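Read the structure below first, then the notes.
The values are calculated or read from the model by the stated rules, or taken from the named source; none is laboratory data. All of these numbers come straight from a predicted model, not from anything done at the bench. Cβ atoms come from the backbone with ideal geometry, glycine included; neighbour counts cover every protein chain shown. Ligands, DNA and RNA are stripped out before the accessible areas are found, and what is left, the full protein with its side chains, is counted by its heavy atoms. Shrake-Rupley method; radii C 1.70, N 1.55, O 1.52, S 1.80 Å.
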Amino acid sequence: MRRFSILFATLAIVACTDDGASYSTDNGRQVVSVVRENNFFWEKEAKFYVVVTRLPDCQRRHLMQEASLKTHVELWQYRQNNDNTFILRMGNAMYVVENRTCEGFAPMAEEPPGGLGEHLGTFGESRGVFIFAPEE
């Protein structure tokens, strides 16, 4: 019985999901990352977080939502006011985040006037690995 318990605990730890991918600019000083986490291998959903960084000034992690592990997250740079504002779209849900102070984060009810901005790429799973695929 003890051997079974150790094996089950090992499988539960190994098979959980805790991965992420990043988009960076300014020689890596400004980074937007998406992280997905779940605790058990049988779960088909994960919590998705956005982590914004502007080194050396700030870094912050914000919870977006729980979604399927297969969910794609589109990244847009909203240049209406400045280069520090990003929009993330997960299906019908949208979030705005900034890396000037890394504090600003909010869900969006609708697209801003003038659109989402410049499409930078998409976070998602490819061949079992969570990656950021830049827009070509």
Taking Cα pairs closer than 8 Å and at least 6 residues apart, the relative contact order of the chain in percent is 18 percent
Write out the trypsin sites (Lys or Arg not before Pro) in the range 27-136 meeting two conditions: DSSP loop, and at most 11 other Cβ atoms within 10 Å of their Cβ. LYS44, LYS70, ARG127
By what distance, in whole Å, do the Cα atoms of the range 70-136 stretch along each of the three principal axes, largest value first? 37, 24, 22
Helix 2-14 versus the longest principal axis of the chain: what angle, 0 to 90°, nearest 10, using Cα atoms? 10 degrees
In whole percent, the Cα-Cα distances of the chain spread across 5 Å bins from 0 upward as 2, 10, 19, 21, 18, 12, 7, 5, 3, 2, 1, 0, 0
Pairwise centroid distance, computed over Cα atoms, of the range 66-126 with the range 19-42, Å: 14 Å
Could you report the chain's accessible area per residue, 1.4 Å probe, as an integer in Å²? 61 Å²
If Lys and Arg each add +1 and Asp and Glu each add -1, what is the summed charge of the other residues whose beta carbon sits under 13 Å from the beta carbon of GLU125? +3
Find the cysteines in the chain that fail to meet the 4.7 Å Cβ criterion with every other cysteine, and list them. CYS16
